[in-house]
Every structure is written in C-alpha cells, then in structure tokens.
Amino acid sequence: MKKLSPQAQVSHHDVVIVGSGFSGLGMGVYLKKAGRNDFVILEKAGDIGGTWRDNHYPGAACDVPSHMYSFSFEQNPNWSRFYSGQAEILAYMKGIAAKYDLMPHVRVNSELLESRWDEVQGVWHLKTGDGNQYTARVVVSGIGGLSRPALPKVKGLDSFKGTTFHSAQWNHDYDLTGKRVAVIGTGASAIQFVPQIAERVSKLVLLQRTPPWLVPKPDGMIHDSVKQLFKYIPVSQRLFRSSIYWQAEGFALGFINPKLMTVIEKLARWHLSNQVKDPVLRAKLTPNYTIGCKRVLFSNNYYPALARENVEVVAAGAQEIRAHSVVDAEGNEHEVDAIIFATGFDVHDPLGPLHIYDREGIEVRQRRGGLSAYLGTTLKGLPNLFMLLGPNTALGHNSIIFMIESQIKYAIQCLDEMDRKEVSVMEVKPAAQDAYNDKIQEELKRMVWSEGGCKSWYLDEDGKNVTIWPGFTWRYWMKTRRPNFRNFTFGQRPSA
Ligand code: NAP
C-alpha cells in the first residue's frame, strides 16, 4: 500500500473489497492464495461477519446444511449439528479471518458511500463514511442483498409508543417475558425466532400476509464419532458434502418444471396436518401457490409454536400501526407492548447509500434497464468492478457459498488474465451482457418464481426476476469455470 498524498489521506490499493461477510472474506483468502496481498476490506460495521454478525435473533441458524454452507477450501469437521446456529457460523468466519491473517486488511466502521471510475487514471476513487478516501485498480463488491433491513409499508410506522425492532437488529436488552408481542412477517427469519419467543411472551399475534410452505428439517447434533471420521478421513466429509449438494440440486428440477414440485408439496401438506390438528388453524397456514415460488422453509418447531394457546395467527397483513396496537388488513386492532418486524430486506436497492458512477459519470441506478450484470459479476460501463452475489445469483435451494466461490475464482482468473496480457483494465462488452441477460430472463419466465402464483422478493415491481439464478448451480459453475475473455475489452491504464 502506498499513500498518494499525506494531505489528501488517500490510500491506494490494487484491490478494495467491500464487505466482510462470506463474499468479502472469501475474496480476501483467494487473493492471498494468489499472492496478491495489496488489498483492503472495507466494512461498514465495527466487526466482520456480514449477515451472520447482524442476524443474532433467538434461534438464528442456517437452513442449508453446514457441511455445504461452508467454503470448499475450509472444511470444518467439527460442526456441532447438521444445521448450525448463527454463533457457530460466525465463529467459523472469524476462524477463517484469523487463519488467513485477513484482519490487518480489514477497515471497520468504513462504509463505502461513493465509488467513481476515473477514466484518465484508470482507477476507482472511493469515499467512505469515516471520511477516508481510497483509490483502487479493482473493486470487488461483497455487499450482498440481505444487508439492509426493510420495514413494512404501513401507515403510522412511527406512531407506536412501545418497543419495536427488526429481526436483523434484535434488541436483546428488551425482555419479552410476559409481554404482548406482534410479529409482522412469516418468512425464513420469523419461522426461526417465533418458536423461541412463543413460550416467554404472554401473547403473540402473528400477522401473516402469505403462509409459507414448510417441510421438516432433518437436523440434529452430530455424534463425536462422525466428527472424528471427518477429521481423520477428510474424503468422507467431501463425500458427505457432495451428497448434500446433489440432493439440493434435485430441488432445482422442480423450479424448472413446477409440476414436479407436487412431491415436495405432499411432504409439506403431510407436515402441516401432522403438526397442526386444528382445522381452522391448518386452513390459515395452507398456502395457495405452487411450492417453491417463495423460499421453501424448513422447521420442526414452527407449527407446534403456532398451535399454542397464547399464539394467535392472523391471516392478514399489517396495514396500520397505532400508539399501542397493530391494525390488520381486515381492520381488526391488536393491542401489544412490542412489535417485531420480520419483514425481510431491501433487496431491490442492495447498494443502499452507496453511489457507483460508471465511466460516463452516470450513477448506476440512473442507467437504463436498471442493475444487471454479466454472469451476475461484471457490469458494462464499470471496468475492473466485480460484484459478488450480483443480479441473478441468489438461490432458493442450495448453498450460496458455492455461488460466491464460483464468482471469486472467476474474478481471480480475470485479474490473472490482465497480468498475462500486461494490461490493467478490463470491461465486459455491452453486447455480451445484454445477450446473457436476455437468455436468462427468457429461461426464468417459465420457472416456478414466475409461474407459481405468488409474489416474492425475487421479483421486482414489474415482475422481472432480477435476483435468482435459474436452476442448477452446476450450470453456473460451468459458465464461470473458465471466463470467456472474448466477451471483454482490455486496455492499458492511461497513466501507466
Ligand atoms: P422475507 O422472506 O422477505 O419475509 C418477509 C415477510 O414479511 C414475508 O412473510 C412478508 O409477507 C412479510 N410482510 C411484509 N410486509 C408485511 C405486512 N405489511 N404485513 C404482514 N407481513 C408482511 O424476509 P426474511 O424472513 O428475513 O428472509 C429474507 C431472506 O433471508 C430469505 O429469503 C433467505 O434468503 C434469507 N434467510 C436465510 C435464512 C437461512 O436459514 N439460510 C434464515 C433467514 C433468512 P409476504 O410473503 O406476503 O410478502
């Protein structure tokens, strides 16, 4: 690293990574493995960990098995259970940061606010919230789509006099014991914490706008003998990981051909009738759209929690919040002491306060056609920028870390290619990006997220799916395994 000018306090690095979640840490490790040590990781918060640092609500866990929800280069034989909890996942991430000596590269409390391509110098100019400035030849965004909590669009949001918080900003200082609590939302987060708090509260009102499809979670503690086996015969863990991967890929068959989802739907219906005996409650909890259209959820304790006497499932969304109550979409008022928003994330503006300006000085949000990318990773008009978990790389069925690693390896090969060609700038050709997006949008039109009769965060306001990868992840791996460099233009840094 070299300081450009002592007055300006601008530090230059070859690579600046944004975010220290799985994407940012993984990128850091692969850069180090490639002998590229001139990089920093800008982290907006005071510590590393991304979504696994922020989501510490009671019962927070991953619904993808841990042996698959982990890096291929850092297999952990010691996972305590098949679906590990937040603390264990965060500890795994911190272990990686320590093992690969990433912390000296991390700049905490450094939220990136502006990123501007300098056509003359061939570098990115970056400004962070702490007043620091950076320049970088390459920027890798590891921001992810689930970092900015979203509140429901309801009247009177600020008028509540009790306690409110979002599931991703859990207030552990507020004791829920004996309180009347409204939970708004029934997605992947709510189904994990509702069973944990239902026993403690005096009354829980669950405002459910759309019931999720739910299947049993094949979870459990892992016996020490299995951990020993994985530790001393690592190939056994690799085989186990592969078996999880291929089982999950089976789900993608149903995404591609929604008719095949009937098998999973039967399992979900059985699960519901097995765990909920009251026909009125069961009717409220039965979805009316094709399974898979929204994320399929895994839980063994959600339905039993809803069957408790102190839990009321309101089959209507929240439409208004008043000083001491929540009013549902049918006009019924529910008096509560606290409201917990389990209303997800602002996925359609993942950049939040960050403004990225392309080579023509246009802010990316203002560009025609919105945010799109080639292979969800590189963007026309934005040279030397790699976006991890960019548009159409999210998953509903397998480990997102598989996608992240595919993208990181792709980006590293791009850096290597620039070195090989002895150039310092590369950019995806607009025609390649457009053709790629036309093709996947065509595929997505026939898939369960568009055909399944539901509205999910996967679709934008126009019904376009800009978040999810269409189908099998091995297809994504095939496409990113060897970059097609004919789809890029390469150039020398003008001032070099
Ligand atoms: P989400 O899936 O976006 O769910 C938001 C919930 O809020 C939905 O049930 C939505 O209802 C509801 N909602 C919004 N406005 C409402 C209103 N006015 N009244 C009533 N309900 C309202 O959010 P999330 O549960 O936080 O999950 C987000 C994503 O995080 C997941 O899809 C997943 O990718 C990830 N996640 C993963 C795990 C894991 O274990 N791997 C765990 C948690 C989260 P509608 O369905 O009607 O829109």
* Counted residues, the range 371-422 - those being in contact with a strand residue (DSSP E or B) (Cβ under 6 Å, 6 or more places away or on another chain), among the basic types (Lys, Arg) and more than 22 Å from Gln441 (Cα to Cα) -> 1
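Need at least 3 residues that are within 20 Å of Ala252 (Cα to Cα), in contact with a helix residue (DSSP H, G or I) (Cβ under 8 Å, 6 or more places away or on another chain) and at pLDDT 95 or above per element, so show me which helices (runs of 4 or more DSSP H) inside the range 429-496 make the cut, counting only ones lying wholly within it. Can you show your working first?
On the way: elements: 430-445, 448-451, 473-481.
Once the helices (runs of 4 or more DSSP H) in the range 429-496 are filtered for at least 3 residues that are within 20 Å of Ala252 (Cα to Cα), in contact with a helix residue (DSSP H, G or I) (Cβ under 8 Å, 6 or more places away or on another chain) and at pLDDT 95 or above, what remains is 473-481.
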* To do: Could you figure out which of (1) assigned to a loop (DSSP other than H, G, I, E, B); (2) touching a helix residue (DSSP H, G or I) at 6+ places or on another chain (Cβ under 7 Å); (3) more than 21 Å from Asn55 (Cα to Cα) isn't true of Lys161?
  => (2)
* Asked: In this structure, does Asn132 turn out to be more than 16 Å from the ligand (Cβ to nearest atom), on the phi > 0 side of the Ramachandran plot and surrounded by fewer than 18 Cβ atoms within 10 Å (Cβ to Cβ)?
  -> no
* Structure fact -> Within the range 417-428, the residues that are part of a strand (DSSP E or B) and aliphatic (A, V, I, L, M) are Val425, Met426, Val428
* What tally of residues in the range 183-217 results from selecting those that are in contact with a strand residue (DSSP E or B) (Cβ under 9 Å, 6 or more places away or on another chain), part of a helix (DSSP H, G or I) and surrounded by fewer than 18 Cβ atoms within 10 Å (Cβ to Cβ)? -> 0
* Asked: What is the residue count in the range 300-353 for residues that are more than 10 Å from the ligand (Cβ to nearest atom) and of a type outside the set (D, E, K, R)?
  -> 28
* Tell me, which residue of the range 146-172 that is within 16 Å of Gly59 (Cβ to Cβ) and not polar (S, T, N, Q) is nearest to the ligand (Cβ to nearest atom)? -> Ala168
* To do: Taking only the range 279-289 into account, find how many residues are within 14 Å of the ligand (Cβ to nearest atom) and either among the aliphatic types (A, V, I, L, M) or part of a loop (DSSP other than H, G, I, E, B) (or both).
  => 4
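Can you confirm whether the range 147-155 contains a residue that is under 30 Å from Glu360 (Cβ atoms) and touching a helix residue (DSSP H, G or I) at 6+ places or on another chain (Cβ under 7 Å)?
Yes: the range 147-155 contains one or more residues that are under 30 Å from Glu360 (Cβ atoms) and touching a helix residue (DSSP H, G or I) at 6+ places or on another chain (Cβ under 7 Å).
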* Does the range 73-82 contain at least one residue that is surrounded by fewer than 19 Cβ atoms within 10 Å (Cβ to Cβ), under 18 Å from Gly145 (Cβ atoms) and within 16 Å of the ligand (Cβ to nearest atom)? -> no
* Cross-chain or 6+ apart pairs with Cβ under 6 Å, the range 150-167 first and on the phi > 0 side of the Ramachandran plot, then surrounded by 18 or more Cβ atoms within 10 Å (Cβ to Cβ) -> Gly156/Ile321
* Residues in the range 218-234: is at least one free of Cβ contacts under 8 Å to residues at least 12 places away in the same chain and among the hydroxyl-bearing types (Ser, Thr, Tyr)? -> yes
* Residues located in the range 35-63, provided they are within 16 Å of the ligand (Cβ to nearest atom), surrounded by fewer than 22 Cβ atoms within 10 Å (Cβ to Cβ) and of a type in the set (A, V, I, L, M) -> Ala61
* Residues in the range 83-104 that are hydrophobic (A, V, I, L, M, F, W, C) and crowded, with 18+ Cβ neighbours inside 10 Å: how many? -> 6
* Return the pairs, sorted by first residue and then second, in which the second residue is among the hydrophobic types (A, V, I, L, M, F, W, C) and away from the ligand (no atom under 16 Å from the Cβ), the first residue lies in the range 338-359 and is under 28 Å from Gly162 (Cβ atoms), the beta carbons are less than 8 Å apart, and the residues are 6+ apart or on different chains. => Ala338/Leu176
* Asked: Out of all the residues in the range 451-486, which are surrounded by 15 or more Cβ atoms within 10 Å (Cβ to Cβ), away from the ligand (no atom under 16 Å from the Cβ) and among the polar types (S, T, N, Q)?
  -> Thr480
* Structure fact -> Scanning the range 218-264 residue by residue, those outside any helix (DSSP H, G or I) and within 28 Å of Leu444 (Cα to Cα) turn out to be Asn257
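Condition check ((1) at pLDDT below 95; (2) more than 23 Å from the chain's Cα centre (by Cα)) across all residues:
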position: His125; (1), (2): no, yes
position: Gly145; (1), (2): yes, no
position: Arg148; (1), (2): yes, no
position: His166; (1), (2): no, no
position: Asp173; (1), (2): no, yes
position: Ala188; (1), (2): no, no
position: Arg200; (1), (2): no, yes
position: Pro211; (1), (2): no, no
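The values are calculated or read from the model by the stated rules, or taken from the named source; none is laboratory data. Since the structure is predicted, the reported quantities are computational estimates derived from the model, not experimental observations. A quick note on method: Cβ atoms are made from the backbone with ideal geometry, for glycine too, and the neighbour counts reach across all protein chains shown.
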